[in-house]
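Following: one structure in C-alpha coordinates, then a few remarks.
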Amino acid sequence: MHKNNFLSKKGIGFDEYNSQLTLEAQQLANLLYEKKIRPNYFHFIAIPFGNFVKNYFFKLQVLKGKEGFIFSYIHAFATYKKYLFLWLKYRKME
(Lines give C-alpha, C1' and ligand atoms only; values in the text may rest on other atoms or scores of the structure.)
Protein backbone atom coordinates (compact mmCIF):
# COMPACT_ATOMS: atom_id res chain seq x y z
CA MET A 1 0.00 0.00 0.00
CA HIS A 2 1.04 3.58 -0.52
CA LYS A 3 2.29 5.68 2.35
CA ASN A 4 -0.40 8.32 1.91
CA ASN A 5 -3.43 6.06 1.67
CA PHE A 6 -6.66 6.70 3.53
CA LEU A 7 -6.05 4.31 6.42
CA SER A 8 -2.51 5.55 6.97
CA LYS A 9 -3.85 9.09 7.30
CA LYS A 10 -6.32 7.85 9.91
CA GLY A 11 -3.56 5.95 11.70
CA ILE A 12 -5.51 2.67 11.84
CA GLY A 13 -5.29 -0.69 10.12
CA PHE A 14 -7.75 -2.37 7.80
CA ASP A 15 -9.25 -4.69 10.43
CA GLU A 16 -9.79 -1.88 12.90
CA TYR A 17 -11.38 0.29 10.21
CA ASN A 18 -13.66 -2.56 9.12
CA SER A 19 -14.66 -3.17 12.76
CA GLN A 20 -15.46 0.53 13.12
CA LEU A 21 -17.68 0.37 10.03
CA THR A 22 -19.45 -2.68 11.46
CA LEU A 23 -20.19 -0.87 14.72
CA GLU A 24 -21.56 2.10 12.77
CA ALA A 25 -23.72 -0.29 10.74
CA GLN A 26 -25.17 -1.75 13.95
CA GLN A 27 -25.94 1.71 15.31
CA LEU A 28 -27.60 2.78 12.06
CA ALA A 29 -29.62 -0.44 12.04
CA ASN A 30 -30.88 0.41 15.53
CA LEU A 31 -31.95 3.86 14.33
CA LEU A 32 -33.77 2.37 11.35
CA TYR A 33 -35.46 -0.14 13.67
CA GLU A 34 -36.70 2.69 15.88
CA LYS A 35 -38.11 4.37 12.76
CA LYS A 36 -39.88 1.06 11.95
CA ILE A 37 -38.18 0.70 8.55
CA ARG A 38 -38.34 -2.90 7.35
CA PRO A 39 -35.61 -4.08 4.98
CA ASN A 40 -36.49 -5.60 1.61
CA TYR A 41 -34.63 -6.82 -1.48
CA PHE A 42 -34.02 -3.24 -2.61
CA HIS A 43 -32.14 -2.52 0.63
CA PHE A 44 -29.96 -5.62 0.22
CA ILE A 45 -29.12 -5.24 -3.47
CA ALA A 46 -29.67 -1.78 -4.92
CA ILE A 47 -28.54 0.41 -2.03
CA PRO A 48 -25.15 -1.30 -1.44
CA PHE A 49 -24.53 -1.41 -5.20
CA GLY A 50 -25.42 2.27 -5.48
CA ASN A 51 -23.10 3.03 -2.58
CA PHE A 52 -20.27 1.20 -4.37
CA VAL A 53 -20.90 3.08 -7.62
CA LYS A 54 -21.07 6.42 -5.78
CA ASN A 55 -17.75 5.84 -3.99
CA TYR A 56 -15.88 4.15 -6.83
CA PHE A 57 -16.90 6.33 -9.75
CA PHE A 58 -18.35 9.60 -8.47
CA LYS A 59 -15.92 10.07 -5.60
CA LEU A 60 -13.12 9.01 -7.99
CA GLN A 61 -11.84 6.04 -6.01
CA VAL A 62 -11.34 4.41 -9.42
CA LEU A 63 -8.24 6.60 -9.83
CA LYS A 64 -6.65 4.98 -6.77
CA GLY A 65 -6.64 1.50 -8.33
CA LYS A 66 -6.91 -1.54 -6.08
CA GLU A 67 -6.94 0.57 -2.93
CA GLY A 68 -9.92 2.59 -4.22
CA PHE A 69 -11.78 -0.58 -5.17
CA ILE A 70 -11.26 -2.09 -1.71
CA PHE A 71 -12.32 1.15 -0.02
CA SER A 72 -15.50 1.30 -2.13
CA TYR A 73 -16.20 -2.39 -1.56
CA ILE A 74 -15.92 -2.29 2.23
CA HIS A 75 -18.19 0.74 2.38
CA ALA A 76 -20.76 -0.99 0.19
CA PHE A 77 -20.46 -4.10 2.36
CA ALA A 78 -20.95 -1.99 5.50
CA THR A 79 -24.17 -0.68 3.94
CA TYR A 80 -25.24 -4.28 3.29
CA LYS A 81 -24.41 -5.21 6.90
CA LYS A 82 -26.55 -2.32 8.16
CA TYR A 83 -29.63 -3.83 6.52
CA LEU A 84 -28.60 -7.34 7.56
CA PHE A 85 -28.43 -6.22 11.20
CA LEU A 86 -31.83 -4.58 10.76
CA TRP A 87 -33.26 -7.77 9.25
CA LEU A 88 -31.84 -9.82 12.14
CA LYS A 89 -33.31 -7.35 14.65
CA TYR A 90 -36.80 -7.79 13.21
CA ARG A 91 -36.42 -11.57 13.46
CA LYS A 92 -35.12 -11.33 17.04
CA MET A 93 -31.87 -13.03 15.99
CA GLU A 94 -29.37 -10.30 16.95
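At most 15 other Cβ atoms within 10 Å and a DSSP loop assignment: could you name the trypsin sites (Lys or Arg not before Pro) in the stretch 3-94 that fit?
Hits after loop and neighbour filter: Lys3, Lys35, Lys36, Lys59, Arg91, Lys92.
How large is the accessible surface per residue of the chain, computed with a 1.4 Å probe and reported in Å² as a whole number?
Accessible surface, normalised per residue, equals 72 Å².
From the helices alone, meaning DSSP H stretches of at least four residues, give me the mean residue ellipticity at 222 nm for the chain, per-run term -39500 (n - 2.57), in deg cm²/dmol to the nearest 500.
Value at 222 nm, helices only, nearest 500: -22500 deg cm²/dmol.
Contour minus end-to-end for Lys64 and Gln27, with contour as 0.36 nm per residue of separation and end-to-end as the Cα-Cα distance?
Taking 0.36 nm per residue and subtracting the Cα distance, the gain is 10.4 nm.
Compute the relative contact order of the chain as a whole-number percentage, counting only Cα pairs closer than 8 Å that sit 6 or more residues apart in sequence.
Averaging sequence separation for qualifying contacts and normalising by length gives 38 percent for the chain.
Quick one: how many Å² of Phe52 are accessible to a 1.4 Å probe, rounded to 10?
Spelled out: Phe52, probe radius 1.4 Å, area about 40 Å².
Taking the chain as the region of interest, what is the percent of Cα-Cα pairs per 5 angstrom bin, listed from the shortest bin to the one with the maximum distance?
3, 14, 20, 21, 18, 11, 8, 4, 1
Could you give the nm distance between label points at Phe42 and Leu88, where each point is 7 Å from its Cα heading toward the beta carbon?
2.5 nm
The values are calculated or read from the model by the stated rules, or taken from the named source; none is laboratory data. Everything numeric in this text was worked out from a predicted model, so none of it was measured. Cβ: placed from backbone, ideal geometry, glycine included. Neighbour counts: every protein chain shown. All accessible areas refer to the heavy atoms of the entire protein, side chains included, with ligands and DNA or RNA removed. Shrake-Rupley method; radii C 1.70, N 1.55, O 1.52, S 1.80 Å.
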